[in-house]
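A.B. asks: Once you've had a glance at the structure underneath, I'll fire off some questions.
The values are calculated or read from the model by the stated rules, or taken from the named source; none is laboratory data. Because the structure is predicted, anything quoted here is derived from the model rather than measured. Heads up, the Cβs are rebuilt from the backbone with ideal geometry, glycines too, and the neighbour counts pull from every protein chain shown. Calculation scope for accessible area: heavy atoms of the full protein, side chains included, ligands and nucleic acids excluded. Shrake-Rupley method; radii C 1.70, N 1.55, O 1.52, S 1.80 Å.
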Amino acid sequence: MAPSAIDPHPAVLESAAHSLASMTSSYDDTLRFYLNGTKVVIDDVDPEVTLLEYLRGIDLTGTKLGCAEGGCGACTVVVSQYNPTTKKIYHASVNACLAPLVSVDGKHVITIEGIGNTKRPHPTQERIAKGNGSQCGFCTPGIVMSLYALLRNESSPSNHDVEEAFDGNLCRCTGYRPILDAAQTFSVENGCSKAMSNGGGGCCMDKVDGDSSGGCCKQNGVRHDQAIKRFTPPGFIEYNPDTELIFPPSLTKHEFRPLSFGNKRKRWYRPVTMQQLLGIKSLYPSAKVIGGSSETQIEIKFKGMQYTASVFVGDIAELRQFKFSDDHLEIGGNVILTDLEHIALQAIEHYGPVKGQVFAAIHKQLKYFAGRQIRNVGTPAGNLATASPISDLNPVFVASNAILVAKSLDKEVEIPMSQFFKGYRSTALAPNAIIASIRIPVTSETEHFQAFKQAKRKDDDIAIVNAALRVDLDDSSIVESVSLVYGGMAPTTIAAKEAGLYLVGKDFTDPAILEGTMNALEKDFDLRFGVPGGMATYRKSLALGFFYRFYHEVLAKLEVNSSHVDEEVVPEIERIISFGKKDTESTVAYQQKILGKANPHVAAMKQTTGEAQYTDDIPVARNSLYGCLVLSTKAHAKIISVNHEPALSLPGVVSYVDHTDMPSPEANKWGAPVCDEVFFAVDEVFTAGQPIGIILANTAAQASAGARAVKVGYEDLPAIFTMEEAIMQESYFEHHRYIRKGNMEEAFASCDHVFTGVTRIGGQEHFYLETNACVVTPKPEDGEMEIYASTQNTTESQSYVAQVCDVAVNKVVVKVKRLGGGFGGKETRSVQLTAICALAAKKTKRPVRAMLNRDEDMITSGQRHPFLSRWKVGVNKDGKIQALDAEVFANGGWSQDLSGSVCDRALSHIDGCYLIPNVDIRGRVCKTNTMSNTAFRGFGGPQGIFIAESYMEEVADRLGMPVEKLREINFYKAGEETHFNQTLQDWHVPLMYKQVQEEFAYAERREAIEKFNATSIWKKRGLALIPTKFGISFTALFLNQAGALVHIYHDGSVLVAHGGTEMGQGLHTKMAMIAAEALGVPLEDVFISETATNTVANTSSTAASATSDLNGYAIFNACAQINERLAPYREKLGKNAPMSKLASSAYFDRVNLSANGFYKTPDIGYTWGPNTGQMFFYFTQGVSAAEVEVDTLTGDWTCLRADVKMDVGRSINPAIDYGQIEGAFVQGMGLFTMEESLWFRGGPMKGQLATRGPGAYKIPGFRDVPQEFNVSLLKDVTWENLRTIQRSRGVGEPPLFMGSVVFFAIRDALKAARKQYSVQATLGEDKKGDGLLVLESPATPERIRTSCEDPILKRSFVKPQEGEKSFFIAI
């Protein structure tokens, strides 16, 4: 959604502007740089173009746009440059979406296309491709470039270097494990031919007794009789650093000249000396100074900010120097943060560990500050000037009493950091001054200094609260001075004044001091419940908790009376280098020539080299227009007026399209399966983000500016957000389903216990890396339309395009090459953008293309449904569950979409894996004013199973029984019926439950954890063991069908088309394998070009984990027809005759070498109400185990180990299936522990989604995966009743719930934390408000911390005042 425009008003006199023009008249206006080894000279530079826009504009489309805010890494390129700080060539991984094009002058830009191609891939590209590290592939080029940058700077990186190389990259598909495994083959430990892991006698870096401190023999000059070869995994290209693209020699002599260029809207200046910069600032104080552009570009892109003049300071060498003095380190204001990391380490070495404490704190904060791409351009001056209240460095600068040196043309001013921040985003820096340097005092011998940070995610996340704490003690431990400085507790970086005043003059070792300081901190940070940013209790507990940790760390160093020191609280959670294993032998028993074998994704190499084409990569057609949606900003309101005339007056804007352009009011209606939605709002909007119109312009930037210029008048109406509000107001959709079985009244009357509870689970953003996109081309005849769309549902897209264009469906062709991820989010919601762009193309008779910004996508495309359940369980003393009564509510949003079916699936999965003889469950879909929630991997199944496992956990606590035992007691047995009367066949959950316990050493771990928790106060460990069963079939019977088209050409090559779309799940790979096996041809002879409605018609959406089953059998059916026709030729030419001979002979005999295949799932057909018929064709099953460690002082946690075992039948391709399992597990872990969607309750963005984009919405990153992650497939069993292709089971959705094992392990750890304060569930009673732990999903650090019962949390608790509500709404 384009934000409101801000008119630029240059705060400069006209005379000053003339003086500035005069001063810069000698500046150059030509940009010179190298691109993939080729010199580029640009004379007509557009000052508003980013490096990414430039690259994609010249068809280097391997670099992707994923978020436009530097948070996902999809746009990563390498910028090689001479570093004036280190005096070396540095190869910087950079976010091209943020980098101004001007910033690459005099540098060498390397993109994914520049390092290799499918014919000659770079080793990084090859290993990630062959190591199954690419699924949808949209994020892959950025990941490859991050690894490439690491290797260019350090040809023999450590395991740790590799693990941290990707902290600025995100992937939503793979679960990260295969990427890390592939990347680790380059590490010095894994890459040494002498390493024991590689079959050698032993590497110098192999740890002996835990020590590898000697360093690598390749680097320390140790000589050997023969050269040490880098180990290259068998079948891979050897990595030779000497063959890389050289840094262009001419750039070593490049003269950095001052630059000036622009147009009437904007001027860019690039001074190269401090004097030039100060001259510009003196004449133009309001000119925007840009260092790394990491924040400026976001302001321009998402906040509509416009700067008439910008000054890029990244190439001023004077601002990138540093100097060690006796009592301080002085760093240039524009030293990049990556260099600051190294300078901090040098400072520790230079000054020693005691005097270097402040630099250790800086290094610690930088370790988790943003991603490497941001640290490669971000600067301390930029950090200071933006005055962010949650900056990680600013508290360190303030606490250390650093001095900021500000320079203007006429003077130099020293500003103490304690006086620098004046208010929210306001500083003491004069308008005409710049931050030249920062002087950071060394820590004295009597000082103690430490820094802390807590965020939603460990790596690459903004802080919730951070702190830098310093205390100076005399010889008697009397406090002489103190600085307790916090971020995230006020509108600015702030010192705790009351606590500071209290401490001065006190004996720090006096036990009473801690209590006194805590009391003072409570006064300093007396947050109200509705404080901006929310989380009042959590933030206050962090402020107190950080001091508690610091206090005991200092006491431990002072070696005071040990009884007063809580040494256990001091260490923070740290991760080891992650690793894992897969069972590579799991399919040996049933492997065929092709099927059952591990083959990489067929497009993996194209994806790692950037050659794979996505929708927005399609070359721009002549006369194309770009679309930008005009979206509502109100959650519920009447539309009073819409004025698009201001937009049409802007340069490049061509047209505006809205509901009045529809052929009829009925054509404006859409929705699946109920048409209760409109493409364009008419008189009323029902959610923020609802399309009102679309602006069409000659460029994407012009369209965005036009959309911002459209003025919409509203009259607010009451809005509903939460399920509780909807229930209270009886706001439901007309969808009411139930499943009833047994005699409830009798069951509850006869059981020993009846327990009740409420379970709540939040939603989840799909966060596919490729946002919704389409390219629509109107044809000159008969109203034809050709559309490329990023959709999982070609047929529905085709139907609605035909509707809005008022043509028959046969005039519309929808094509999909591949999707950059889907996960259900592009099953129905993609139709909206496609249909709107098609209408626009029809109106203008010109091609129209659009790709949503990340924030636009998030507010228009819907999420996973939040669920709420009120349940009642009847159970006997022996643990046998007798009855379940449950009301289930889903938050559907403002339109029904697929919410009814999602709710239905939740009802069908609410039994988990447990036999419950008496069941009465009812489901309703709440109608609210959020975006319309939609399909998401699991489609209600995870929510239903989560309800099941939650009541199992709480019932076990009430019974005083281990939940593992309760689960085992209630497991279904083979042949028993579910609550919807389906018999379980090929039932292997009990077997896998036993196997996982043995492989995980569950009993031994449980014993060890109990011992650990008995002695550890602040760190608690938890275990969980979770089973799953997931029904495979569309619940809508008609969707369980598929078609395929197979052509064999006379050269023997095979072309296959089917109805499924490739979105990273490896569907085309599996389908090609099925065809190759069926036809007896090599896999490389089978090709799948794209999915298109004119090759396979009337397709079902690619969803429900059934696509391989359906399309696989359709392909097999088509191949069987062709095989029948080829049988005489095989008999004549021999059974081993190549297809080229068979096809050629058949062709000359006029035999049809094409066939249409078809398949429909047999047996299924469930009837709601009577509870009859078979709902699912079969169930995919699995069991997972996990161990976690939780820091109860902060809510931080890590997964120490996770094991997953899945029954996927006879795997078609285990490499693909393992990738699906790992990716689904990590996505599920995100759902249940990290990913939280919040809405603004008030203010100018009232009713809008607050958590949009990677800056605010956190999905798991590389360093969030389990430290040990093991995955296996069930083997050595028979699948006697499975009648699918190859006897395989669907695997896309079922493993997602396995990620919940981490949630339940966290719950287990929290129970131990609460137990030490005697807070436990009351046994045998359904008592409300007792010690039973009711943990909502997701278990964010905030929820974890506030579920604890320690005194610090208790004293931090913030109660709402009468009528006071939280800052955010969780729907």
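A.B. asks: Using Cα centres only, tell me the gap between the stretch 846-896 and the stretch 14-76 in whole Å.
C.D. replies: 44 Å
A.B. asks: Follow-up. How much net charge surrounds VAL1054 when only the other residues with a Cβ under 12 Å from the Cβ of VAL1054 are counted, with Lys and Arg +1 and Asp and Glu -1?
C.D. replies: Working: positive: none; negative: ASP1051, GLU1077, GLU1084, ASP1085.
My count for the surroundings of VAL1054 gives -4.
A.B. asks: Could you do me a favour and compute the accessible area per residue for the stretch 1093-1245, 1.4 Å probe, result in Å²? Could the numbers behind the result be given before it?
C.D. replies: Values: 5150 Å² over 153 residues.
Heavy-atom accessible area per residue stands at 34 Å².
A.B. asks: Additional query: Skipping prolines and chain starts, which residues have an amide H placed within reach, meaning under 5 Å, of the one on VAL40, given they are 5 or more residues away or on another chain?
C.D. replies: PHE33, TYR34, LEU35
A.B. asks: Moving on. Pulled fully out, how much extra length does the chain show between VAL809 and VAL588, if you take 0.36 nm times their separation in residues and subtract their Cα-Cα distance?
C.D. replies: Numbers: separation 221, 0.36 × 221 = 79.56 nm, distance 4.67 nm.
The span from VAL809 to VAL588 would gain 74.9 nm if fully extended.
A.B. asks: So, taking all protein chains as they sit and a 1.4 Å probe, how much accessible area belongs to LYS606, in Å² rounded to tens?
C.D. replies: Approximately 80 Å² of LYS606 is accessible to the 1.4 Å probe.
A.B. asks: Continuing with this model, one more query. Convert each backbone phi in the stretch 464-470 into a coupling constant with the Karplus relation 6.51 cos²θ - 1.76 cosθ + 1.60 (shift: θ = phi - 60°), then list the ³J(HN,Hα) values in order as whole Hz, x for Gly and Pro.
C.D. replies: Once rounded to whole Hz, the list reads 7, 9, 9, 7, 10, 10, 10.
A.B. asks: Would you grab the residues whose amide H sits under 5 Å from the one on LYS597? Only those 5+ places off in sequence or on another chain, please, with H modelled 1.01 Å from N.
C.D. replies: GLN592
A.B. asks: Then there is this: Quick check on the chain: helices-only [θ] at 222 nm, where DSSP H runs of length 4 and up contribute -39,500 (n - 2.57) each and the sum goes over total residues. Nearest 500, please.
C.D. replies: Values: 38 runs with 398 residues, N = 1371.
Here the helix-only value at 222 nm equals -8500 deg cm²/dmol.
A.B. asks: Using a probe of 1.4 angstrom, how much of the accessible area of the stretch 507-584 is carbon and sulfur, in percent? Please list the in-between numbers first.
C.D. replies: Working: 1710 of 3280 Å².
After summing per-atom areas, the C and S share lands at 52 percent.
A.B. asks: Whenever you get a sec, compute what percent of the accessible area on the stretch 1142-1199 sits on carbon and sulfur atoms (1.4 Å probe). Each step should come with its number before you reach the end.
C.D. replies: Details: 980 of 2070 Å².
The computed percentage sits at 47.
A.B. asks: Ok, one more. Keeping all protein chains in place, calculate the accessible area per residue for the stretch 358-419 (probe 1.4 angstrom), answer in Å². Write down the numbers at each step before the final one.
C.D. replies: Details: 1770 Å² over 62 residues.
The answer is 29 Å² per residue.
A.B. asks: Residue by residue, what Karplus-based ³J(HN,Hα) values in Hz, rounded to whole numbers, does the stretch 608-618 have, using 6.51, -1.76 and 1.60 with θ = phi - 60° and x for Gly and Pro?
C.D. replies: Going residue by residue, I get 6, 9, x, 8, 5, 9, 10, 3, 6, 7, 4 Hz, with x marking Gly and Pro.
A.B. asks: Using the charge dipole of the chain (Lys, Arg: +1 at Cβ; Asp, Glu: -1 at Cβ; taken about the Cα centre), state which of VAL358, GLY142, ILE739 has its Cα farthest towards the positive end.
C.D. replies: Projecting each Cα onto the dipole axis, the largest value belongs to GLY142.
A.B. asks: Over the chain, calculate the relative contact order: mean separation of alpha carbon pairs under 8 Å at least 6 apart, over the residue count, as a percent.
C.D. replies: The value is 11 percent.
A.B. asks: Counting Lys and Arg as +1 and Asp and Glu as -1, what is the net charge of the other residues whose Cβ lies under 14 Å from the Cβ of ILE403? Present the calculation step by step, with values, prior to reporting the outcome.
C.D. replies: Numbers: positive: LYS323, LYS407, ARG439; negative: ASP327, GLU330, GLU412, GLU414.
Spelling it out: positives minus negatives among the neighbours equals -1.
A.B. asks: Also, quick follow-up: So, by mean Cβ neighbours within 10 angstrom, what's the order for 482-494, 516-528 with the highest one leading? Don't skip to the end; give the middle numbers.
C.D. replies: Working: 482-494: 23.5, 516-528: 18.7.
Descending mean neighbour count gives 482-494, 516-528.
A.B. asks: Between the stretch 1254-1333 and the stretch 797-829, what is the separation of their alpha carbon centroids in Å?
C.D. replies: 36 Å
A.B. asks: So which trypsin sites (Lys or Arg not before Pro) in the stretch 618-674 pass both tests, a DSSP loop state and at most 13 other Cβ atoms within 10 Å of the Cβ?
C.D. replies: Values: sites: ARG622, LYS634, LYS638, LYS669; in loops: ARG622, LYS634.
Here the sparse-neighbourhood loop sites are ARG622.
A.B. asks: Whole number in Å², please: accessible area per residue of the stretch 545-704, 1.4 Å probe, ligands, DNA and RNA not counted. Could the numbers behind the result be given before it?
C.D. replies: On the way: 6870 Å² over 160 residues.
About 43 Å² of surface per residue is accessible.
A.B. asks: Using Cα extents along the principal axes in Å as the read-out, say which of (1) 91, 83, 75; (2) 157, 94, 81; (3) 111, 99, 65 was calculated from these coordinates.
C.D. replies: The calculated read-out lines up with (1).
A.B. asks: On to the next question. When the Karplus curve 6.51 cos²θ - 1.76 cosθ + 1.60 is applied with θ = phi - 60°, which whole-Hz ³J(HN,Hα) does each residue of the stretch 1309-1323 get, with x for Gly and Pro?
C.D. replies: Computed from phi, the couplings for the stretch 1309-1323 are 5, 5, 4, 5, 5, 6, 4, 5, 10, 6, 9, 9, 5, 6, 6 Hz.
A.B. asks: Turning to a different aspect of this structure: Can you compute the charge dipole magnitude of the stretch 432-528 about its Cα centre, using +1 on each Lys and Arg Cβ and -1 on each Asp and Glu Cβ, nothing else charged? Give it in debye, rounded to the nearest 20. Write down the numbers at each step before the final one.
C.D. replies: Values: 10 positive and 16 negative charges, 126 e Å.
The dipole magnitude comes to about 600 debye.
A.B. asks: Probe radius 1.4 Å, ligands and nucleic acids ignored: give me the carbon and sulfur share of the accessible area of the stretch 767-889 as a rounded percent. It would help to have the intermediate numbers written out before the result.
C.D. replies: Working: 1290 of 2990 Å².
About 43 percent, which is the carbon plus sulfur part of the accessible surface.
A.B. asks: Let me check something: with ligands and nucleic acids excluded, how do VAL1334, VAL1277 order by accessible area (1.4 Å probe), largest to smallest?
C.D. replies: Values: VAL1334 80, VAL1277 35 Å².
Ranking VAL1334, VAL1277 by accessible area, largest first, yields VAL1334, VAL1277.
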